[in-house]
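Written out below as structure tokens is the structure these notes cover.
The values are calculated or read from the model by the stated rules, or taken from the named source; none is laboratory data. Quick caveat: nothing in here was measured; it's all calculated off a predicted structure. Quick reminder, even Gly has a Cβ in these numbers, built from the backbone with ideal geometry, and neighbours come from all protein chains shown. We work out accessible area using only protein heavy atoms, side chains counted, and drop any ligands, DNA or RNA first. Shrake-Rupley method; radii C 1.70, N 1.55, O 1.52, S 1.80 Å.
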Amino acid sequence: MKKYIYILIAVVTFSSCSDELELTSPSELTVQGFWDTEEGAKAAHTGLYANLRASTGTLWLLGEMRSDIWGGRTFESPFNENLIENNITVATAPFGGWASLYTRIHRVNDFIVNLPDVPFTNEAEKEHLLGQAYGLRALYYYTLLKTWGDVPIILEPVKEIDPSSLSKPRSPQADVMDLIKSDIAASLSSFGADESFWEGKKIFWSKAATLALKGDVYIWSGNLLGGGVADFTEAKTALQQISSMGISLEPSISSLWGVPNEENDEFIFAVQYQQDEAETFYNSLTGRSTEINPQYNDEGASMSDFIIDGANRYGQSEKTILLLDDNDDSRKDATFIRLYIDDNGGAGYPTYNEPKYFGSIFNKFLGRVDGSVRIFDNDIPLYRYADVLLLLAEAKNFLGEDPSGEINLIRERALGTNYNAATDAYVNSNPTANANAILNERYKEFIGEGKRWWDLRRAGNSFVIDNISFLNPGDEYKLLLPITQDMIGRNPLLDQTAGYTD
């Protein structure tokens, strides 16, 4: 049984005229003596992860829903079609109020400002907690930058409920990136030589998580913000350090997924879910028994005894189905259960048969069955070592080096005993071909993990336009989201994202 994470911080929510910058003041806890003791600080630390978990569904939507993974057949009314089709205007701008990410940032700001003054029995513990907090703040600002580009920079806790003092303009992307890099440096400085996981668990941020984030950030900065070779080299160096921290690729896909496997060596940082506390959002990628039980899986087995009570709001695109339609690749069955309307005379459908295809169930985070119910309590990894290897391949490719070693480690794991180096190994080619090979491998590896949109963006605008059928040359401005008119009305210092008009 995993340890529960309780939400220990009660926060009063104000309805006010600066909603997009969240006027709630966690600093008010200071006057109650909240920051006077080590116990209080550790309670606040626990709250940081409860806050992160509250945004995990949003992080998934931001990182994946605009990609080419979804948009296929569902057997209930689909959700987020505007995102899938990139049908985004000022009038339909999603994620108002900066997707509530500043709420999370305010909590972290409060923690970073107040923790240094709290007496700890073991000062090394306090430094570890600071390392975690700086890493989380870098993660939030990186998400904001990738989504909107220019965003306000707020580093101090909110102390006054005064709309005029809370209005802040959007800072340039370069300044936001400088902050992210500064927080990453502060995180690594606080961790120092401490490579441990808090309480021995991957559900807390760590030095390994900061290094994974650093690799991700510096590749983005190097390719999209002009950092070039210096940034790619920083990324490569950071990513190469992680393998010495007890992190490694799991030997098979079967040892990676499922609640019993969550303490695996591959996860670097995961968001914790637990029965009776919080369940994941992945039940929306499954369905109801009334639709599923009459169907058959692709092996021809009846689904009549399948236990489920979810929804089917997202269907894998035909592009995704065809990409994974390889029976030698263990990711095919690990990622989806494909449903058909009959058993094909007991033979099933080893390859995709569109006229008989009914829909699919997302299998990667399918939780577990407890009696007659299914519990969606998988921990959700934000970084795992397969991610590190393929990010390292990206950094090497940008540096003109051979990325095939990392690509082939992922291919070999996926194919297992079916792997034949003579036919399956990737051979180093030109930078564009290498980039497409990396993207293709990441596509298959990280379906459902909130990566694909960011992967395409990090590779460059042309890769987005080439892969997303709903985007065309001239739509590059759509790679960043607009902000709502309501946000501008509440904060007149905000400018609309470039390219969007009323």
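Before moving on, here are some points about what is shown:
- With a requirement of 2 or more residues that are under 28 Å from R490 (Cβ atoms) and modelled with pLDDT of 95 or more, the helices (runs of 4 or more DSSP H) lying completely within region 102-195 that satisfy it span 123-148, 173-191.
- Residue in region 235-242 that is touching a strand residue (DSSP E or B) at 6+ places or on another chain (Cβ under 8 Å), not aromatic (F, W, Y) and not in a loop (DSSP other than H, G, I, E, B) present: yes
- The set of residues from region 456-468 being without any contact (Cβ under 8 Å) to a residue 60 or more places away in the chain and either in contact with a helix residue (DSSP H, G or I) (Cβ under 8 Å, 6 or more places away or on another chain) or open to solvent by less than 10 Å² (accessible area, probe 1.4 Å) (or both) comprises N461, F463, V464, I465.
- Subset of region 328-354 [polar (S, T, N, Q) and under 18 Å from E441 (Cβ atoms)]: S330, T335
- Considering only residues in region 67-87 that are over 16 Å from Q316 (Cβ atoms) and open to solvent by 10 Å² or more (accessible area, probe 1.4 Å), the one that is farthest from the chain's Cα centre (by Cα) turns out to be S77.
- Applying the criterion of being aliphatic (A, V, I, L, M) and buried (at least 22 other Cβ atoms within 10 Å of the Cβ) to the residues of region 438-451, the residue that is nearest to K364 (Cα to Cα) is I447.
- Qualifying residue in region 92-107 (condition: more than 18 Å from the chain's Cα centre (by Cα) and among the hydrophobic types (A, V, I, L, M, F, W, C)): yes
- Residues of region 312-335 satisfying the condition of being within 12 Å of K364 (Cα to Cα) and without any contact (Cβ under 8 Å) to a residue 60 or more places away in the chain: K332, D333
- Residue list for region 117-150, filter: touching a Lys or Arg at 6+ places or on another chain (Cβ under 6 Å) and surrounded by fewer than 19 Cβ atoms within 10 Å (Cβ to Cβ): F120
- Residue that is farthest from L59 (Cα to Cα), among those in region 405-434 that are among the hydrophobic types (A, V, I, L, M, F, W, C) and open to solvent by 20 Å² or more (accessible area, probe 1.4 Å): A422
- Residues within region 480-502 that are surrounded by 15 or more Cβ atoms within 10 Å (Cβ to Cβ) and not in a loop (DSSP other than H, G, I, E, B), tallied: 3
- Lone qualifier among D329, D309, D231, D298 - being surrounded by fewer than 16 Cβ atoms within 10 Å (Cβ to Cβ) and acidic (D, E): D309
- Reported count of residues in region 33-59, each being out of contact with any strand residue (DSSP E or B) (no Cβ under 8 Å at 6 or more places or on another chain) and modelled with pLDDT of 95 or more, is 18.
- Test: S254 is in a helix (DSSP H, G or I), modelled with pLDDT under 95, open to solvent by 10 Å² or more (accessible area, probe 1.4 Å) and small (G, A, S): yes
- Test: residue in region 365-374 that is under 29 Å from N472 (Cβ atoms) and in contact (Cβ under 8 Å) with a residue 24 or more places away in the chain: no
- Q240 out of contact with any Gly (no Cβ under 8 Å at 6 or more places or on another chain), open to solvent by 20 Å² or more (accessible area, probe 1.4 Å) and in contact (Cβ under 8 Å) with a residue 40 or more places away in the chain: yes
- Every residue from region 364-379 that is crowded, with 20+ Cβ neighbours inside 10 Å and either under 21 Å from T320 (Cα atoms) or out of contact with any strand residue (DSSP E or B) (no Cβ under 7 Å at 6 or more places or on another chain) (or both): K364, F365, L366, F376, N378
- Among the residues examined, Y352 qualifies as open to solvent by 20 Å² or more (accessible area, probe 1.4 Å), touching a residue at least 24 places away in the same chain (Cβ under 8 Å) and either within 21 Å of I69 (Cα to Cα) or aromatic (F, W, Y) (or both).
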